[in-house]
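Below: one structure, written as structure tokens.
Derivation of every value follows stated rules applied to the coordinates shown; laboratory data play no part. Keep in mind that this is a model prediction, so the values were computed, not measured. Because the Cβ atoms are built from the backbone with ideal geometry, glycine has one as well, and the counts that use them run over all protein chains shown.
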Amino acid sequence: MTGRGIDQVLPHPSNPVLHEDYAQSAIDYVRLAEAANGPIPRRVGPSYVWGAALDEFESMRPDARIVNLETSITRSEDFARKGINYRMNPDNADCLKAAALDCCVLGNNHVLDWGRRGLLDALATLERLEIKAVGAGRNFGEAVAPAVLDVAGSGRILVFSFAHVSSGTPRNWAATGETSGVNVLGELSEAGALRIAEQIARAAQPGDLIIVSVHWGPNWGYEIPDAQRRFAHKLIEAAGVSIIHGHSSHHPKAIEVYRDRLILYGCGDFLNDYEGIRGYENYRDDLVLMYFADVEAGRNLAAVEIVPLQIRKFRLVRPAEEDVDWMQQTLDRESRRFGAGIELSRDGRLTLSWKRATSSDNHFGP
């Protein structure tokens, strides 16, 4: 969420005017953060916000870097009347390139915050930066098409992106044959999962690694609705999806491994401008996670390493030891309901454990 307050400290801040009940200027969010944690520098370089995450990228060297980008990238003033509007100046989008991102998921409830003009600007900006976009497009065909990431020596990663209406994505944001918009998902049903499986089958080649990224559910709370779980399971059973990349919650939620395939029900925010905002402190949304998933040649999950970081002064920093302990205990508590565990390693990272599936459990098909 690199818009709004974060956009204001980057080199080319947007018009700060907001249309919210809570704040009338994006600068208000900068002041809230400064009141909580001290002065934030202005006109920071494009790599500033990533902080310690850049060291982790350098250490882990992942084949693909995928994020849910929950902001419009535009100078448009055509705001949607929905209460919250995230915007980043296109001239500030170099911050995305600074993290060497490969794919930005746009299937969410903020990418059209500044109108369809804002979406078109975002798509053009990501094209300029040579970052793949998925989950929104200039028409229905673009919005539903997967992002294809070629990994040298390993094959292709296909990323499919959907915004479910439970996340607050308006149904009228859906792309049509002639109109730009989002790949809106109206229902979490078996029939819906099977339709997605058919779409995946049409696009996939043998050996492709399939990721389904879905924006679903409310911003707060640890509950995992049965409908989400059944939907995720059906996608794995019917389409051989390797990773379900779930998001919308502002804090991390439970992790499940089903038939040796990874389900992240809610990754939590990775960057936001929420420092100093009161009301949900018990969820510790200042503590964020990087998820490094190691997938075998057969597209089953081999390992997951999780790196806790903290948002402070709109920058990712190393959290204190007690904060890492809190995150490990919370994530372990929530994930054990689904048969997974979170363990703390000596270097301050977290590792995922689960019971490996038997060969009969791993049969894929409708």
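Yes or no, residue by residue, for (1) under 20 Å from the mean Cα position of the chain (by Cα); (2) surrounded by fewer than 24 Cβ atoms within 10 Å (Cβ to Cβ); (3) without any contact (Cβ under 8 Å) to a residue 24 or more places away in the chain:
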residue	(1), (2), (3)
GLU70	yes, no, no
ARG75	no, yes, no
ARG87	yes, no, no
LEU101	yes, yes, no
ASN139	no, yes, no
LEU149	yes, yes, no
GLY155	no, yes, no
ALA163	yes, no, no
PRO170	yes, yes, no
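Among residues of region 342-356 that are over 17 Å from LEU309 (Cα atoms), those with a Cβ under 9 angstrom from a residue that is assigned to a loop (DSSP other than H, G, I, E, B), sequence gap 6+ or separate chain, pair up as TRP354/ASP260; TRP354/GLY339; LYS355/GLY339; ARG356/ASP260; ARG356/ASN300.
The set of residues from region 246-263 being within 22 Å of ASP208 (Cβ to Cβ) and surrounded by fewer than 23 Cβ atoms within 10 Å (Cβ to Cβ) comprises VAL257, TYR258, ARG259, ASP260. Can you say whether SER189 is closer than 19 Å to GLY268 by Cβ and among the hydroxyl-bearing types (Ser, Thr, Tyr), as far as the supplied structure shows? So SER189 does not fit the description; no. Residues in region 212-230 that are surrounded by fewer than 24 Cβ atoms within 10 Å (Cβ to Cβ), touching a Leu at 6+ places or on another chain (Cβ under 8 Å) and of a type in the set (A, V, I, L, M, F, W, C): ALA227 only. When you scan region 243-264, how many residues do you find that are among the hydroxyl-bearing types (Ser, Thr, Tyr), touching a helix residue (DSSP H, G or I) at 6+ places or on another chain (Cβ under 8 Å) and not in a strand (DSSP E or B)? Of the residues in that region, 1 qualify. Selection of helices (runs of 4 or more DSSP H) fully inside region 112-211 by the criterion of at least 2 residues being touching a strand residue (DSSP E or B) at 6+ places or on another chain (Cβ under 7 Å) and either more than 21 Å from LEU96 (Cα to Cα) or not hydrophobic (A, V, I, L, M, F, W, C) (or both) returns 115-129, 190-203.
Restricting attention to region 292-336, the residues that are in contact (Cβ under 8 Å) with a residue 24 or more places away in the chain and either within 30 Å of PRO41 (Cβ to Cβ) or of a type in the set (Phe, Trp, Tyr) (or both) add up to 20.
In region 213-227, the residues that are on the phi > 0 side of the Ramachandran plot and touching a residue at least 24 places away in the same chain (Cβ under 8 Å) form Cβ pairs under 9 Å with partners that are assigned to a loop (DSSP other than H, G, I, E, B) and acidic (Asp, Glu), at six or more places apart or across chains, as follows: GLY217/GLU223.
Exactly one residue among ILE40, ILE66 is touching a residue at least 24 places away in the same chain (Cβ under 8 Å), over 16 Å from ARG312 (Cα atoms), crowded, with 16+ Cβ neighbours inside 10 Å and not hydroxyl-bearing (Ser, Thr, Tyr), and that residue is ILE66.
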